[in-house]
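Asker: The structure under discussion is supplied below as C-alpha cells; questions concerning it will follow.
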Amino acid sequence: MSALICEVVYRGIFQKNLAARIVRGIVLSARKSERWGIAFGRYGDSPQRNGIPAKDFAIVADTKEELEQNMARYEPKHVDVTICVDDTLSKGVESWAWYGLQPINRLTVPDGTVLMTSLQPFDALLKDIHKKDAPYKLSLIRAKASFSGLWVYKEDHTEVRILGALAKIAPSFLTLDAVAEAIKEMEWGSELKVASARKAFDRIETRAVKITEGNSDVPFAFEMPKWWEMREGVTIPAIPIGKPKEGGQGYVPERNPYFKKFSTRTMRPVIDFDTCVKCNLDCVPRLGLRRDARRHLRRQHGGVLRLRRVRGRLPRRELHHDGQRVRLRRQRQPVGDVAQGQNGVQDMARRQDRRQENHGAVSRLPFPRPVRRGAEAGSRVRRHRDHRWYPG
Amino acid sequence: MATVTETKAASEDKELLISGSEAVAESLTLADIDVVTAYPIRPYDTVMQAIAKKIANGQLIAEYIVAEGEHSQFEIVKHASTVGARVFCGSSGVGWMYAMECLVVTPPLRVPMVCLVGNRALDDPGAFGVEHNDALVVRDLGWMLCWIDTSQEALDTTLIAYRVAEDRRVFLPLAISADGAFLTHSQAITMVPPKEKVDRYLPRYDRGDLLLHPDNPITVAPQANEDWVIEIRRQNDEAMKRAVGVIEEAYADFRRVFGRGPENPWFEEYMADDAEVILVGMGTISLPIKVAIREMRAKGKKVGLIRLRWFRPFPFERLVKALSGARAIGVIDRDYSFGSPFHSGVVANEIRASLYNADTRPPLLSFICGLGGREVTLEDVNKAVDMCYAAAKSGKADAKTHWLGVRE
C-alpha cells in the first residue's frame, strides 16, 4: 500500500469540527514520516445543516505523485478506512450530495476497516450495517457519539482516540509515536490527549466481518434519466397522494417516479385539495392547511378586519368600500380565539365575491387538466366555483 | 391567458405616428398581455408609460405592477409566467444589470418572458445614450436576443417574440433590444394591424405540464448539483437550437397573416447582393450606413449592408453564405469587449468565429463606433468603407480594431 485513504462519516454541524480535526490529524501524523497528504470535505455536502450526514476525506501517500494520482477525481471511489463517528449512521447514509441510501461500508475496500465509535455490541451493529460482497473488519472505539455545535467543540478526546486507533489499523502510515507527536503540536493538543490516543490504541476492539454477515436489505437503486428524458424547466411533479395511513390519519405518499432519492427525499408535500383555497399565488401546500390559509387571508385581504369577517360570517358586500370597513370595524366586537372561526374559511369559499370583477387577470387563470386521481369530472365543478369566488 | 380584452372589430390596418416604445405598447395590447411590471429607467420607461396609458384608457386589461426595483420587476413576471400569464417586462442599462440574478435563472426555468431592453450605456459614467453592452450581457445565458430598427419592426417583432418564446418547443425568454433615443423616442408612421389578425397569428399561451397551479402540483427550481445541472444546460441548448426553426416558421406565418414582413428573418440585406464591401451592424446604426451607401453607390462604389436582427440564436450559417461573396467585411459594433480577441466588439468576434470554417474568408475589419449614444456620422462610415477597400485590395485585414468618431 502506497497510499492510505480514509473517509469520516459524520453529522453536519454537530460533528463538523470533529471530522475536520480527524482528517487534519491523519495528514499531520503521516507528515511525521515524510509522507504527503490532503484533507478535504465533500463539496456537495452541506455540513452547516443540522445533523445531515456528511463526509470528510484524508488521503496520505508516499510521494506527491501518488497523492496527485489519488486526488485526480472528484472524491475517492474507495477507502481503506471508513471512520463513522455516530453509530446511528451504520444504517446507511443519505447525505445532501448522495442520491439514495449509501451503506456505511460501501466505499470500504476488501479487507479494509470500518472504524466506529459505539457502545453497542458488534452483533447489534451488524444488524444495521449492510452486507458487503467482500470481507472487512469492524473496529470499535467504545464511546458515545460526540456531538457539539458549529462554533463550539466538545473536548471529549474523540478525535485523538480515533487517531490512536488508526495507528493500530494502519501502522505503516501512522505510527503511534507519529500520532502522539502530531497531537502535541496541534493547537488543540496536550499530553492528556496523547495519553487518550495511546489508550485508544490499546483498547480498540476489532472483529472480522464475513460476507454473510450484515443487514441483507438491498438499498434502492435507480437509473439517472438522460437529458432528453428529464422534464424541462427544472420542474418536478409532485408525487401522488398515495394511500391513506392505517387508521385514517394522514397519507402515505407514493414515490416520485422521476426524482427518486429513496426515503426522506421522496416525502414531498402533498396538497390537501379539500382545504386548498386555490389562491393562485403559489402552489405552496401549506395553503391547503386551514390555519395557514387564514394567516394568508389576513396578509392579503384587508388585514384583521377581513379575518373578523371570516369569523363573523358577514356578507362580503358590506366590505366594498373603506368607509364601510371602518363602520364595520366599529360595530364588530373583538374576535375570540382561533377555534371559534375554524370553519370560516370554508364558508367564505362558498359565497359570491362581487369584488372579483375588479380583480386582475392572474386570479382568473384557466385550470389545467387535472392530474390528481379523483380530480376528474365529479370534482371539477366545485373547484371551478371555488376558484371563481375566491379572489386570490 | 387570463382575461380577454375586448376591442372594437376592425379588419384593416390603421396608420399611427408613434415611437418605437409606443409601437411595442400597441403590440402588447394586441397580444393581450396579462401581467406587466414596471420600474422607471430611461429609455425603457417610455414603453412602461405607454402601457400604463393603455390600461388607464381601458384599451388593455392587465395587471400593472410597479415594483420597487428591477430585481423584483423581473421576479414578478417570472412567477406570473409560470402560472400561465402572458407577461411583459423591460429595463435599460444598469437597471437590466440590477435584475441580473433573475435574468440568469429565467432560461433554465423555461419562462417565455418577453421584455424590451432600451439600450443604454452602462454606468459609470452615468449616461443614457445607446450602447448594446447591456443586452449583450445575457448572450450566453439562454436568452434570445434581437435588435429592432424601426417602430414598425418594433411592433411586428413584439408579436413575433411572443409567438417564438411561447412556443412549447422553445419556452425561452426573449429580449427585444431597441436603441435608446434613436428608436424608443422617435416617432414614425406605423401600421397597426387589427386584433382579429393578431388572434389568428398568436395562439394563447399554454404552459402545459409546466404550469404552476394547485391542480398541477410541481416543484420548480429545486436544488440540483453536479449530477443534474449539465443535463439541464443541455436542455436549454436544445431549446435554443429548436428556436431557429421556430423563428423561421413564425416569420413565414407572419407574412401569411399580415401580408408583410421580411423573407429573411435573421438579417436585413441592403444592396448586399453585388457588394464588394459589406458593412455589418445592429439596430439603428443602419440609418447613416444606408445613406452613406447610397452616396457611395452613386460614386460607383459597390457597398452593401447587413443589419443583424437576431443575435441569439446567431444565424452563422446564413451569415457566412451572405458574406462570403464580398471582398472585404467591415463590422461596426456599438458595443465593446475589452480584452477580447483583437480587442474587437462582440459582433465582430462572433462573425470572425462564424467564418473560421468557411471556404471563403474575406478580410474582416472591426470598428467600434457610436458608444454612449454618440452620432454615427457619414464621415465615420466613409472612413470605414475606405479602410475596407484597402483591405480588399491587399487581401489582408489588419488585426487592429478601429475606433471611429473618437477624439484623437
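No lab work stands behind these numbers, since they all come straight from the coordinates. Predicted, not measured: the structure shown is a model, and the values here were computed from it. Glycine gets a Cβ as well: all are built from the backbone with ideal geometry, and neighbour counts include every protein chain shown.
Asker: In Å, what is the Rg of the alpha-carbon atoms in segment B:28-170, and how long is Dmax?
Answerer: 14.1, 41
Asker: Magnitude of the Cβ-charge dipole of segment B:157-214, K/R +1 and D/E -1, about the Cα centre, nearest 20 debye?
Answerer: Numbers: 8 positive and 7 negative charges, 31 e Å.
Dipole size: approximately 140 debye.
Asker: Anything over 21 Å Cα to Cα? Flag those among A:32/A:193; A:137/A:184; A:127/A:199, in the order listed.
Answerer: Numbers: A:32/A:193 18 Å; A:137/A:184 29 Å; A:127/A:199 28 Å.
In this structure, A:137/A:184; A:127/A:199 exceed 21 Å between Cα atoms.
Asker: For residue B:13 and residue B:230, calculate 0.36 nm times their separation in residues minus their Cα-Cα distance, and state this gained length in nm to one decimal. Could the numbers behind the result be given before it?
Answerer: Details: separation 217, 0.36 × 217 = 78.12 nm, distance 4.71 nm.
Residue separation times 0.36 nm, minus the Cα-Cα distance, leaves 73.4 nm.
Asker: Please report the projected area of segment A:3-209's Cα convex hull averaged over all directions, in nm². Before the final figure, lay out each step's value.
Answerer: Working: hull surface 41.2 nm².
Result: a mean projected hull area of 10.3 nm².
Asker: Right, here's the next one. Taking R0 as 41 Å, what FRET efficiency do you get between residue A:48 and residue A:177 from their Cβ-Cβ distance, rounded to the nearest 0.05? Present the calculation step by step, with values, prior to reporting the outcome.
Answerer: Working: r = 36 Å, r/R0 = 0.88.
That gives a FRET efficiency of 0.70.
Asker: Still on this model: Using only atoms on other chains, find how many Cβ atoms lie within 10 Å of each Cβ of peptide B:219-229 and report the average. Don't skip to the end; give the middle numbers.
Answerer: Values: counts 10, 5, 4, 5, 2, 3, 6, 4, 5, 7, 1.
Per residue, the number of nearby Cβ atoms from other chains is 5 on average.
Asker: Which whole number gives the average, over all residues in B:75-84, of C-beta atoms from other chains lying within 10 Å of the residue C-beta?
Answerer: Numbers: counts 0, 0, 0, 0, 3, 3, 0, 4, 6, 7.
That works out to 2 on average.
Asker: Here is a further query. Using helices alone, I'd like the mean residue ellipticity at 222 nm for chain B: each DSSP H run of four-plus residues gives -39500 (n - 2.57), total over residue count, nearest 500. Write out the running numbers ahead of the final one.
Answerer: Values: 13 runs with 156 residues, N = 408.
For chain B, the value works out to -12000 deg cm²/dmol.
Asker: If you project the alpha carbons of segment B:132-263 onto their three principal axes, what span does each projection cover, largest first, in Å?
Answerer: For segment B:132-263, the Cα spread along each principal axis is 53, 36, 28 Å.
Asker: Assuming R0 = 60 Å, can you tell me the calculated FRET efficiency for the pair residue A:184 and residue B:100, based on Cβ-Cβ distance, to the nearest 0.05?
Answerer: 0.70
Asker: Cross-link candidates for residue A:132: which aspartates and glutamates have Cα within less than 12 Å, leaving aside residues fewer than 8 places away along the same chain?
Answerer: Within the straight-line cut-off, residue A:132 pairs with A:111, A:213, A:217.
Asker: Using a ≥ b ≥ c from the Cα gyration tensor of segment B:267-403 (square roots of the eigenvalues), is it rounded, prolate or oblate, where a/c under 1.5 gives rounded and otherwise the larger of a/b and b/c decides, a/b for prolate? Don't jump to the answer; show the numbers that get you there.
Answerer: On the way: a/c = 1.25, a/b = 1.07, b/c = 1.17.
Taking the square roots of the gyration eigenvalues as a ≥ b ≥ c, segment B:267-403 is rounded.
Asker: Okay, next question. List residues of segment A:103-136, by number, whose backbone nitrogen lies under 15 Å from a label position 7 Å along Cα→C-beta of residue A:210.
Answerer: A:123, A:131-136
Asker: Hey, another quick one. Can you list the lysines whose alpha carbon sits under 28 Å from that of residue B:302, skipping same-chain ones fewer than 8 residues off?
Answerer: B:290, B:321, B:383, B:393, B:396, B:400
Asker: Quick one: B:39, B:336, fewest Cβ neighbours within 10 Å first, how do they rank? Let's see the in-between values first.
Answerer: Working: B:39 23, B:336 19.
Taking fewest neighbouring Cβ atoms as first place, the list is B:336, B:39.
Asker: Where a ≥ b ≥ c are the square roots of the eigenvalues of the C-alpha gyration tensor, would you call chain B rounded, which needs a/c under 1.5, or, failing that, prolate if a/b is larger than b/c, or oblate? Can you show the working numbers first?
Answerer: Values: a/c = 1.74, a/b = 1.49, b/c = 1.16.
Prolate, since a/c reaches 1.5 and a/b exceeds b/c.
Asker: On to the next question. Report the residue, chosen from B:264, B:57, B:225, that carries the largest GNM mean-square fluctuation when chain B is represented by alpha-carbon nodes joined by springs under 10 Å.
Answerer: B:225
Asker: I've got another one for you. Shape call for segment B:45-102 from the C-alpha gyration tensor, a ≥ b ≥ c root eigenvalues: rounded (a/c under 1.5), prolate (a/b greater than b/c) or oblate?
Answerer: Judged from the Cα gyration tensor, segment B:45-102 comes out oblate (a/c at least 1.5, b/c at or above a/b).
Asker: With a point put 7 Å past each Cα toward its Cβ, work out how far residue B:408 is from residue A:229 in nm, to one decimal.
Answerer: If labels sit at residue B:408 and residue A:229, their model points lie 6.0 nm apart.
Asker: Please compute the modelled spin-label separation between residue B:398 and residue A:156, points set 7 Å along Cα→Cβ, answer in nm with one decimal.
Answerer: The modelled label-to-label distance comes out at 7.6 nm.
Asker: Let me ask something else. Can you compute the charge dipole magnitude of segment A:126-188 about its Cα centre, using +1 on each Lys and Arg Cβ and -1 on each Asp and Glu Cβ, nothing else charged? Give it in debye, rounded to the nearest 20. Write down the numbers at each step before the final one.
Answerer: Numbers: 10 positive and 9 negative charges, 106 e Å.
My answer is approximately 520 debye.
Asker: Using 0.36 nm times the number of residues separating residue B:66 and residue B:386, minus their current alpha carbon distance, what extension gain do you get?
Answerer: Values: separation 320, 0.36 × 320 = 115.20 nm, distance 4.97 nm.
Length gained between residue B:66 and residue B:386: 110.2 nm.
Asker: Sticking with the crude label model, points 7 Å out along Cα→Cβ, report the distance from residue B:123 to residue B:237 in nm, one decimal please.
Answerer: Here the modelled spin labels are 3.8 nm apart.
Asker: Could you calculate the FRET efficiency of residue A:69 with residue B:49 from 1/(1 + (r/R0)^6), where r is the beta carbon distance between them and R0 is 51 Å, rounded to 0.05? Write down the numbers at each step before the final one.
Answerer: Working: r = 65 Å, r/R0 = 1.27.
According to the calculation, E is roughly 0.20.
Asker: Give me the extension gain from residue B:338 to residue B:357: residue separation times 0.36 nm, minus the current Cα-Cα distance, reported in nm with one decimal. Write down the numbers at each step before the final one.
Answerer: Working: separation 19, 0.36 × 19 = 6.84 nm, distance 2.50 nm.
Taking residue B:338 through residue B:357 to full extension adds about 4.3 nm, to one decimal.
Asker: Moving to a separate point now. How well do other chains shield peptide B:205-213, expressed as the mean number of their Cβ atoms within 10 Å of each residue Cβ?
Answerer: Details: counts 0, 2, 3, 3, 8, 7, 7, 7, 10.
Partner Cβ neighbours, averaged per residue: 5.
Asker: Moving on to the next point. When the label point is put 7 Å from the Cα of residue A:142 along its Cα-to-beta-carbon vector, which residues of segment A:199-219 have a backbone N closer than 19 Å?
Answerer: Only A:199-208 fall inside the zone, counting backbone N under 19 Å.
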